[in-house]
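Report on the following structure.
The values are calculated or read from the model by the stated rules, or taken from the named source; none is laboratory data. Here the structure is a predicted model, which means the values were calculated and not measured. All Cβ positions, even for glycine, are placed from backbone atoms using ideal geometry, and neighbour counts span all protein chains on display. SASA here: full protein model, heavy atoms, side chains in, ligands and nucleic acids out. Shrake-Rupley method; radii C 1.70, N 1.55, O 1.52, S 1.80 Å.
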Amino acid sequence: MSRIKVPSGFVIGAAMSAYQVEGNNTNADWWHYEGDRLPRSGSACDFWNRYRDDIELAASLGLRALRISIAWDRIMPSEGKVDDESMDRYIDMVKEIKGHGMEPIITLHHFVNPIWFTTRGGWVREDNVKYFLDFVKYVVDSIGDRVKYWLTINEINLYPVLAYLLGVFPPFVMNMEYMWRALVNLLKANDKAYELVKKPSNQVGLVIHIMPAEPASKLSIADWGLAMGMNYVLNRMIVNTLAKGKLPNWLGGGEIGRLDYVGLNYYAVAKVKFNPLTMGELVTSRQNQRGWIINPSGLKRAIRLTRKIGKPIMITENGIATDNDNDRITYIEKHLTIAIKEKVMGYLYWSLLDNYEWEMGYRAKFGLVECDPATLTRRPRGSAYFLGKLANGGSI
């Protein structure tokens, strides 16, 4: 079997988000609900204080890019107030990443809001978008031209589903109307943020999450219907909207979708089973700690669907939660091979560190680097060196 060489210019790195690694983000909506509806994040990986060591570690592994997010809750801990010291720390993170020869990729919204924003109605209220734009303008004015790759909003299609339909993320609402309103406001926020961020020297994108849905039983009409509905709500609706550059009339119409490239997050496929009591449920797998159905061919389907948007694609998240690092290496090998063959811009593994995996707490181990939540000791896994070698012109 012939080997595939990583193309010149193909970016390989890792991704993280602020809340999942920094620790003690006490002004965030997530922090507000912890201990009641969510596991405690506590100090997380203490990246807020150890970022220089972690960035140096990522570079020593051979990674060529590092995606981080900037915590809105730190920058604007209360309405109308900015924290210059926190911004200075993020500026230093960017300098450290660049200083170690890596490309910083900056996300402006990664699932988490300041608690004051959420209590004002969050993303359901259109007049709240201005608060996010105040944050974006301050960050961009502070960082200047130091960053080439920006991402406005992470998983713009999945976040409204989790927060406002399934009700498993703050503010824990189950209301389909709110989900659509939040999606529209996020899309409008992306366009206005694009105008603030965009410069001749940078690329500004947003992130979508594609999880192809399949019927648990190909003989079940109900399972087929459920899969088709999920594919529309989660996958096709966002792709079609961005491809057309306008909202459907039933969502108010209007032009949206300003972006230079698409960040694509892909982890697994979904097998859905109709349940008359809950309408539907996901079939789970014991092969990983998230219970996801791992299928590398789903990445090809996700890329080809995303390609309809007509913009370059970067794989901004792709990973597996497991204690078996051989499984992680195999996962990377298979998915990265597809990413290269499909000629995307680059590949970011999720995640650099074992971190706070949202409603699962610290039970799901995604990291290239083990991070013990008790001692915060870092131990690079074999997969870290495997990906680092590929990042420097290796072959699969």
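Look at Ile115 and say whether it is surrounded by 20 or more Cβ atoms within 10 Å (Cβ to Cβ), under 24 Å from Leu264 (Cα atoms) and not polar (S, T, N, Q).
It is false that Ile115 is surrounded by 20 or more Cβ atoms within 10 Å (Cβ to Cβ), under 24 Å from Leu264 (Cα atoms) and not polar (S, T, N, Q).
Counting only residues that are touching a Leu at 6+ places or on another chain (Cβ under 7 Å), among the aliphatic types (A, V, I, L, M) and either surrounded by fewer than 17 Cβ atoms within 10 Å (Cβ to Cβ) or farther than 25 Å from Ser297 by Cβ (or both), how many does the range 329-377 have?
Residues flagged as touching a Leu at 6+ places or on another chain (Cβ under 7 Å), among the aliphatic types (A, V, I, L, M) and either surrounded by fewer than 17 Cβ atoms within 10 Å (Cβ to Cβ) or farther than 25 Å from Ser297 by Cβ (or both) within the range 329-377 amount to 2.
Can you go through His100, His110 and tell me which one is out of contact with any Lys or Arg (no Cβ under 9 Å at 6 or more places or on another chain), farther than 23 Å from Lys192 by Cα, modelled with pLDDT of 95 or more and not acidic (Asp, Glu)?
Values: His110 fails: farther than 23 Å from Lys192 by Cα.
Of the residues listed, the single one that is out of contact with any Lys or Arg (no Cβ under 9 Å at 6 or more places or on another chain), farther than 23 Å from Lys192 by Cα, modelled with pLDDT of 95 or more and not acidic (Asp, Glu) is His100.
For the range 321-328, indicate whether the set of residues that are open to solvent by less than 10 Å² (accessible area, probe 1.4 Å), of a type in the set (A, V, I, L, M, F, W, C) and assigned to a loop (DSSP other than H, G, I, E, B) is non-empty.
Yes, the range 321-328 has at least one match.
Give the range 345-387 a look and list any residue that's free of Cβ contacts under 8 Å to residues at least 60 places away in the same chain, within 22 Å of Ile315 (Cβ to Cβ) and small (Gly, Ala, Ser), or say none.
The answer is Gly367, Gly382, Ser383.
Would you mind telling me which numbered condition in (1) out of contact with any strand residue (DSSP E or B) (no Cβ under 7 Å at 6 or more places or on another chain); (2) among the hydrophobic types (A, V, I, L, M, F, W, C); (3) not in a helix (DSSP H, G or I) Trp123 fails?
(3)
Say whether the condition of being without any contact (Cβ under 8 Å) to a residue 24 or more places away in the chain and either open to solvent by less than 10 Å² (accessible area, probe 1.4 Å) or not aliphatic (A, V, I, L, M) (or both) is met by at least one residue in the range 312-320.
No, because not a single residue in the range 312-320 is without any contact (Cβ under 8 Å) to a residue 24 or more places away in the chain and either open to solvent by less than 10 Å² (accessible area, probe 1.4 Å) or not aliphatic (A, V, I, L, M) (or both).
Condition first: closer than 17 Å to Ala216 by Cα, under 19 Å from the mean Cα position of the chain (by Cα) and not aromatic (Phe, Trp, Tyr). Now tell me which residues in the range 257-294 satisfy that.
Within the range 257-294, Ala268, Val269, Ala270, Gly291, Ile293, Ile294 meet the criteria.
Any idea which of (1) modelled with pLDDT of 95 or more; (2) within 28 Å of Gln203 (Cβ to Cβ); (3) over 19 Å from the mean Cα position of the chain (by Cα); (4) not charged (D, E, K, R) is the one Leu66 doesn't satisfy?
(3)
Quickly run through the range 332-355 and pick out the residues that are of a type outside the set (D, E, K, R) and over 13 Å from Leu390 (Cβ atoms).
If the condition is that a residue be of a type outside the set (D, E, K, R) and over 13 Å from Leu390 (Cβ atoms), then Ile338, Val344, Met345, Trp350, Ser351, Leu352, Leu353, Asn355 are the ones that fit.
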